[in-house]
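Here is the structure we will look at, set down as C-alpha cells.
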Amino acid sequence: MNEQKEAWEFEYKEHKGFPTSIERRPSNQVKYFLKFLKSKNITKGKILDIGCGFGRNSIFLAKKGYNIWAFDFVEEALEFMRKKVNELGLGNKINISNQDAFNTWKFKNGFFDAVIDITTFDSIENKEHYINELYRVLKPKGYFCIYAILPEHEYLKKLNNFNSKDNIKYFVLGLDKLMELFSSKFHILEEKRFNDKKELIHGESFKRELARIIMQKND
C-alpha cells in the first residue's frame, strides 16, 4: 500500500487533477445524504468521513450540527484541513486522524450513526476488509452513503483502469457487483447512477459514470 499512498500524496501536492483534490465545495452527494438523514430524524450525531482529503464534506456536515470523525492517509491534505477547521472554529466538532482504510480503523465498535465515502472505495483493493470495518464501526441500523466510480467511466476506460500520471491504481466494481458485495451486511435503500455529464480530470473532459448508493446496516 506504500505505492498507493505515495501516488495519492503526489496527486494532492503536485497534480491536483481530480475533482476530489481540487474542489472545496461539499459534494452534491453529501448534500443529498444530509437531506436523507434529516428525513430519518437524524439531525445530530456522529458521522465518519472516509478519505476526507481537504475536509470539504466534513466541514459542511459539522456546520450543520453533526460531530465528525475524518481520516485520510495524506498528511498534507490533513494539515490543510486542520488549519481550515481551526480558522472556522470547528475544532470541537471535527476529529481528524491519519489512517489508512486498508488497516484496522481506530474507532470503537458501533460508534457512528452514519458514514460517508466519496470515491475512496474505488482505490481500496481489499474490499472485504473495508466492508467488515465499516460494519463494525456503524451503530445498529446506521446509514452509509457511498459515491463510487464505475468501470464505464470514460477516464478509466481510456487509461485501462490505471492512472499513468500518478500511479494510482483503481479497483472499481460494476453497480450490480457493488450492491451484491455490500448486501451481505447492509440493506440497500436506494441507488442512482450518474452518467449525464462530463467532468475535468487533469485538464481533460471525460464522460462520468458513477453511482450513489445509500444503505443501512443489518442487525
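The values are calculated or read from the model by the stated rules, or taken from the named source; none is laboratory data. Predicted, not measured: the structure shown is a model, and the values here were computed from it. For neighbour counting, all protein chains shown are included, and Cβ atoms are generated from backbone atoms with ideal geometry for every residue, glycine included. What goes into the accessible areas is simple: the full protein's heavy atoms, side chains included, and nothing from ligands, DNA or RNA. Shrake-Rupley method; radii C 1.70, N 1.55, O 1.52, S 1.80 Å.
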TODO: Work out Dmax and Rg for the stretch 113-219 from the C-alpha atoms and quote the Rg first, both in angstrom.
DONE: 14.4, 45
TODO: Give the percent of DSSP beta bridges with both residues in the chain that are antiparallel, rounded to the nearest 5.
DONE: 50
- [ ] Report the net charge of residues surrounding Asn86, where surrounding means a beta-carbon distance below 14 angstrom and charges are Lys +1, Arg +1, Asp -1, Glu -1.
- [x] +2
Task: For Lys35, net neighbour charge (Lys/Arg +1, Asp/Glu -1) across residues whose Cβ lies under 13 Å away - done: +4
Open item on the list: Run lengths n ≥ 4 of DSSP H only: what is the helix-derived mean residue ellipticity at 222 nm for the chain, with -39500 (n - 2.57) per run over all residues, to the nearest 500?
Closed with: -9000 deg cm²/dmol
Open item on the list: Expected output is a single nm value to one decimal: the length gained when fully extending between Phe102 and Asn167, i.e. 0.36 nm times separation in residues minus the C-alpha distance. What is it?
Closed with: 21.6 nm
- [ ] Name the longest site-free stretch of the chain, where the excluded sites are GluC sites (Glu not before Pro) in a DSSP loop with no more than 14 other beta-carbon atoms within 10 Å.
- [x] 24-124
- [ ] Give the label of the value calculated from the structure for mean projected area of the Cα convex hull in nm², choosing from (1) 11.0; (2) 22.2; (3) 13.2.
- [x] (1)
Open item on the list: Pairs of alpha-carbon atoms within less than 8 angstrom and 6+ residues apart define the contacts here; what relative contact order does the stretch 76-209 have, in percent?
Closed with: 20
Task: Lys207, Lys93, ranked by accessible area, largest first (probe 1.4 Å) - done: Lys207, Lys93
Open item on the list: I'd like the accessible area for Arg24: 1.4 Å probe, protein heavy atoms, all chains in place, Å² to the nearest 10.
Closed with: 110
Open item on the list: Relative contact order of the stretch 7-114, please, whole-number percent, based on alpha carbon pairs below 8 angstrom and at least 6 residues apart.
Closed with: 26
